[in-house]
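K.L.:
One structure is given below, represented as structure tokens, and several questions about it will come after.
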Amino acid sequence: MRLMQIKTEAGARAVVATVPNGAGERSYIVPGYATVYALAQAAIAAKTGIEAIVEKASAGATEEVDRAALLASGRVLPPIDHEDPAHLLITGTGLTHLGSASARDAMHKTPDEAEVLTDSMKMFRMGLENGKPAAGQQGVQPEWFYKGDGALLVGPGQPLTAPSFAQDGGEEPEVAGVYIVGDDGQPYRIGFALANEFSDHIMERVNYLYLAHSKLRPCSLGPELLVGALPDDVRGRSRIHRGDEVIFDEPFLSGEANMSHTLANLEYHHFKYDFFRRPGQVHVHTYGTATLSVAFGVKTEAGDVFDIESETFGLALKNPLAFAKEEKVSVTQL
């Protein structure tokens with residue numbers, strides 16, 4: 001099952017469910033629920049899964065919709081949000097995918113350091129050696145970073161806006177886990193979505209200690225949320241359109257078969273912090289990637305369109321690149 005959040009023609013909110021239907025799929029409005037957050041809360045209260053809540057609410061539902069038409073109309077929202085954006089946290093892990101270290105490693109080496117083992121490569125090797133522990137055990141902790149709160153979550157078709165001081169606006173095609181914390185203080189995974197974990201790779205290249213700065217950027221999610229298990233082998237493509245030309249087109253891989261960490265290990269090392277287990281919180285946690293256009297020498301420009309797709313997640317995620325106008329910032333003594 002996949003879920004979308006939309007605005008109806010009347011301006012109200014609604015959730016669309018897509019389920020198998022014979023050899024194809026059927027997409028329909030889920031009666032009684034305006035948000036995925038509400039569905040998740042209902043599932044926790046009923047001690048059941050979201051699919052069961054959707055199926056019960058949708059008995060006899062007939063209002064079918066055209067997902068592609070909704071997306072084209074601009075009425076598709078991010079597949080998760082929170083009425084108070086400060087209670088939605090966007091975070092991520094890096095160096096988690098097989099091959100992910102090579103691009104990062106090259107960013108932080110000069111030609112005469114070809115044989116030097118960088119901190120990035122050391123971290124990646126730690127994951128290879130102990131990122132997939134046996135069930136019930138904890139492996140090595142991954143690289144972790146904070147991106148922002150729900151105010152930085154961008155929906156399908158909306159611009160990813162870099163600040164005026166940014167040196168780069170670079171895509172990162174990833175899978176994100178979407179979680180909610182129940183009243184019992186325990187995290188519950190709602191599902192998975194495509195993500196563009198937008199970053200400033202040129203800033204990061206100056207010094208890897210600038211990673212934290214480079215990640216303080218918007219993040220795009222959607223259009224559809226996959227409910228249920230993530231396939232072990234997720235395959236997709238990452239493209240950049242510049243006008244009528246495709247200037248970048250490469251495959252990307254995700255899923256545990258292509259990762260140096262298990263999802264359970266990444267989740268444990270995020271939610272082991274009790275302040276990430278406050279009731280009502282929503283977490284969007286990006287799992288990393290091994291495919292970056294900057295590693296192929298691409299320099300993005302305002303107006304470029306990022307295009308990330310995978311059959312696993314239904315509709316493609318597309319966002320134009322924009323740069324904000326310069327703002328004057330000063331601190332006033334009170």
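None of the figures in this text is laboratory data; all of them are computed from the coordinates on show. If you're wondering where the values come from, they're calculated on a predicted model, not measured in any experiment. Here the Cβ positions follow ideal geometry from the backbone for every residue, glycine too, while neighbour counts run over all protein chains shown.
K.L.:
Can you show me the helix-derived [θ] at 222 nm for the chain, built from DSSP H runs with n ≥ 4 at -39,500 (n - 2.57) apiece and divided by the number of residues, rounded to the nearest 500.
P.N.:
Values: 8 runs with 65 residues, N = 334.
When only DSSP H runs of four or more count, the value is -5500 deg cm²/dmol.
K.L.:
Counting other Cβ atoms within 10 Å, which GluC sites (Glu not before Pro) in the range 277-334 have at most 10 and lie in a DSSP loop? Don't skip to the answer; put the middle values down first.
P.N.:
Details: sites: Glu301, Glu309, Glu311, Glu326, Glu327; in loops: Glu301, Glu326, Glu327.
Hits after loop and neighbour filter: Glu326, Glu327.
K.L.:
Can you sort Lys328, Lys215, Lys272 so the residue with the fewest Cβ neighbours within 10 Å comes first? Show your work: numbers first, answer last.
P.N.:
On the way: Lys328 4, Lys215 24, Lys272 11.
Neighbour counts put them in this order, fewest first: Lys328, Lys272, Lys215.
K.L.:
Same structure again: Antiparallel as a % of all DSSP beta bridges within the chain, to the nearest 5? Working shown, then result.
P.N.:
Numbers: 61 of 71 bridges.
Here the antiparallel bridges make up roughly 85 percent for the chain.
K.L.:
Taking H as built 1.01 Å from N, whose amide H comes closer than 5 Å to the amide H of Gly288, not counting residues under 5 places away?
P.N.:
HN-HN under 5 Å from Gly288: Thr93, Val175.
K.L.:
Let me ask something else about it. Could you list the trypsin sites (Lys or Arg not before Pro) in the range 12-66 that lie in coil according to DSSP, counting only those with at most 11 other Cβ atoms within 10 Å of their Cβ?
P.N.:
On the way: sites: Arg13, Arg26, Lys47, Lys56; in loops: Lys47.
Qualifying residues, ordered by number: Lys47.
K.L.:
Which pairs in the list Lys122/Lys299; Lys7/Lys215; Lys47/Lys132; Lys47/Lys215 are over 31 Å apart, alpha-carbon to alpha-carbon? Don't skip to the answer; put the middle values down first.
P.N.:
Numbers: Lys122/Lys299 28 Å; Lys7/Lys215 29 Å; Lys47/Lys132 29 Å; Lys47/Lys215 36 Å.
Over 31 Å Cα-Cα: Lys47/Lys215.
K.L.:
How would you rank 90-96, 289-295, highest first, on the average number of other Cβ atoms within 10 Å across their residues? List each step's numbers first, then the result.
P.N.:
Working: 90-96: 25.1, 289-295: 22.6.
Answer by packing, highest mean first, reads 90-96, 289-295.
K.L.:
Quick one: which of 282-288, 229-235 comes out on top by average Cβ neighbours within 10 Å, and what's the full order, highest first?
P.N.:
282-288, 229-235
K.L.:
Can you sort Phe296, Phe145 by how many other beta carbons sit within 10 Å, fewest first?
P.N.:
On the way: Phe296 11, Phe145 17.
Ordered from fewest to most neighbouring Cβ atoms within 10 Å, Phe296, Phe145 come out as Phe296, Phe145.
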